[in-house]
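Everything on this sheet refers to the single structure shown next.
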Amino acid sequence: MTSPYFASKRAEMAAGQPISTLMAQALENADLLSLAAGFVDEATLPTDAVRRACAAMMADDRAARTALQYGWTPGNPKLRAMLLDRFLREQAIPVPNAPSVEQVVITAGSNQLLHLVAESILDPGDVVLCAAPTYFVFLGILANVGARGHGIPTDDQGLIPEALDEHLRQLDSTGELKRVKAIYLVPYFDNPQGTTTPPERVSRIVEIAKRWSLNHTIHVIADEAYSELRYSGPHVASARCYDADGETVIVAGTFSKSFSPGLRVGWGILPVNLIEPVCNQKGNMDFGSPNFAQAIMTHILEQGQFDEQIDVLRAGYAPKLDAMLRAADEFLGPINGTSWTHPSGGLYIWARMPDGLDTGPEGPLFQRAIQEGMLYVPGQYCFPGEGEPVQSNTMRLSFGVQTSERIGRGINALARAIKQAQASV
Ligand SMILES: Cc1ncc(COP(=O)(O)O)c(C=O)c1O
């Protein structure tokens, strides 16, 4: 007789997240036209630049030995300084109370930063206010620490400040304000909707966080994963530009979308008070993210190859976004009740199906779409458990991975599946 296996409470809380299943489906069904996974375009991955960076590093014996050794818990000092310098230069307006290099922490992808922040500021039962819909992996991170996401209504510019303020007022009236520890934003070309939050709105959200920070700080986590993937319009200033004392906003950044997700290099720019808790967590977890990957990214930035790669990506993704929007016009447009967002960057559009058509894995559309040869992310995964209700007729469509021609075929397959699903009910 085998003895029962007791997983920890934390392991139980981590179960049931859709990310691994969706990624596995995309990897296992190579023929499936996946418009689901947020993978980056294979064709534009910077193989030459990384090959040259590795060769240069390995040719220099001292550099090679340093890169192959353990590194620093908060990350490679040179890379941290370069990232900070870049961040400060990128903003259209001055960054108040400009962060120091000590406030920059390198992580294994920005996902690790989000985890470390969650570990550092959240206790079980705490609340994070998120856009509804929001980045679904972040909801998994909250579940992992026993925290709760509350969905705040959005429009075509992201989370609505007035609705956020009202939600905080309600939580205050029910005595729950003390549980609210953060507001999570993806201000640039949001995952999943592709929306960008204009500076006036970002600044208002930071102001609201500060105003409701009555007995403790309510942080704004500004997840800037897609900030470089802009295909039109000017750069919008970071949320950190509206944080006068620098105590509210946590910036999360990553090279995953702008260079290579395989290198797993992300970072955070933290309020001073969070440096120690985050680095303590990180010390216990891995005492430093992969040093070799950081050395490669340092070399790439020094040599100017990062900027070159961003130009390559913009030139590669902009036509794919156009292809997706054109295909949506052509194939989804004639179906009554469909609509979708029109982003100016990022990797996703967010589509709304006719009222009552459930896009979830158990609904009439999901399996039909797979049979027709395409995969999407059901919108239901992107809604926090509390607050704004799930909109079950929605989906996220990614244009990052497929060619323009395959994007068109994928959307056509989706349209066929929608018509079949409508005919079946
Ligand atoms: C909004 C957002 N934040 C963070 C991440 C995590 O990226 P990484 O851990 O690869 O830096 C992603 C990945 O898709 C994302 O979409």
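Here is the P(r) of segment 69-303: all C-alpha pair distances, binned every 5 Å from 0, give 1, 7, 15, 20, 21, 18, 11, 5, 2, 1, 0 in whole percents. In the context of the full set of protein chains, segment 69-303 has a per residue accessible area of 35 Å² (1.4 Å probe). In segment 69-303, the portion of solvent-accessible area held by carbon and sulfur atoms comes to 52 percent [1.4 Å probe, whole percent, DNA, RNA and ligands not counted]. For Met374, the residues whose modelled amide H falls within less than 5 Å of its own, excluding neighbours fewer than 5 places apart on the same chain, are Leu33. Beta bridges from DSSP with both residues in the chain: antiparallel share about 50 percent, rounded to the nearest 5.
Ranked by the mean number of other Cβ atoms within 10 Å of their residues, highest first, the peptides 153-160, 66-73 come out as 153-160, 66-73. Taking the chain as a Gaussian network of alpha-carbon nodes connected by springs under 10 Å, the highest mean-square fluctuation of the residues Arg204, Arg89, Arg409 belongs to Arg89. Net charge near Leu142: determine it from the other residues with C-beta under 14 Å of the C-beta of Leu142, scoring Lys and Arg +1 and Asp and Glu -1. Result for the neighbourhood of Leu142: -1.
For the pair Lys78 and Ser339 in one chain, pulling the backbone fully straight at 0.36 nm per residue adds 89.4 nm over the alpha carbon distance. Here the label points at Glu200 and Glu162, each 7 Å from Cα along the C-beta direction, are separated by 1.3 nm in the simple model. Where the alpha-carbon atoms of the chain are placed on the principal axes, they occupy 65, 65, 58 Å, in descending order. Restriction of the GluC sites (Glu not before Pro) in segment 309-388 to DSSP coil positions whose beta-carbon has at most 14 other beta-carbons within 10 angstrom yields Glu362. Taking 7 Å steps out from each Cα toward its Cβ at Leu88 and Asp155 produces label points 3.7 nm apart.
Remind me, relative contact order of segment 69-303 in percent, using alpha carbon pairs under 8 angstrom and six or more residues apart?
After rounding, I find 31 percent.
Computed over the chain, the per-residue total of -39500 (n - 2.57) for DSSP H runs of n ≥ 4 gives a 222 nm mean residue ellipticity of -13000 deg cm²/dmol, rounded to 500.
Once you have the Cα-Cα distance between Thr174 and Asn215, take 0.36 nm times their residue separation minus that, and quote the gain in nm to one decimal.
Computed gain between Thr174 and Asn215 is 13.2 nm.
Note on Gln303 and Asp355: their simple-model spin labels are 5.7 nm apart, each label 7 Å out from Cα toward Cβ. Across the chain, the relative contact order, built from alpha-carbon pairs under 8 Å that are at least six residues apart, equals 24 percent. Note on the chain: lysine pairs with Cα distance below 21 Å, sequence gap of 8 or more or different chains, count 5. Applied to segment 162-171, the Karplus parametrisation 6.51 cos²θ - 1.76 cosθ + 1.60 on θ = phi - 60° returns per-residue 3J(HN,Hα) values of 5, 5, 5, 4, 5, 5, 5, 4, 5, 5 Hz, with x for Gly and Pro.
Residue separation times 0.36 nm, minus the C-alpha to C-alpha distance between Glu247 and Ser8: what's the value?
Values: separation 239, 0.36 × 239 = 86.04 nm, distance 3.41 nm.
Length gained between Glu247 and Ser8: 82.6 nm.
The values are calculated or read from the model by the stated rules, or taken from the named source; none is laboratory data. Here the structure is a predicted model, which is why all the values come from computation and not from measurement. Every residue, glycine among them, receives a Cβ derived from its backbone with ideal geometry; neighbour counts consider all protein chains shown. Ligands, DNA and RNA are stripped out before the accessible areas are found, and what is left, the full protein with its side chains, is counted by its heavy atoms. Shrake-Rupley method; radii C 1.70, N 1.55, O 1.52, S 1.80 Å.
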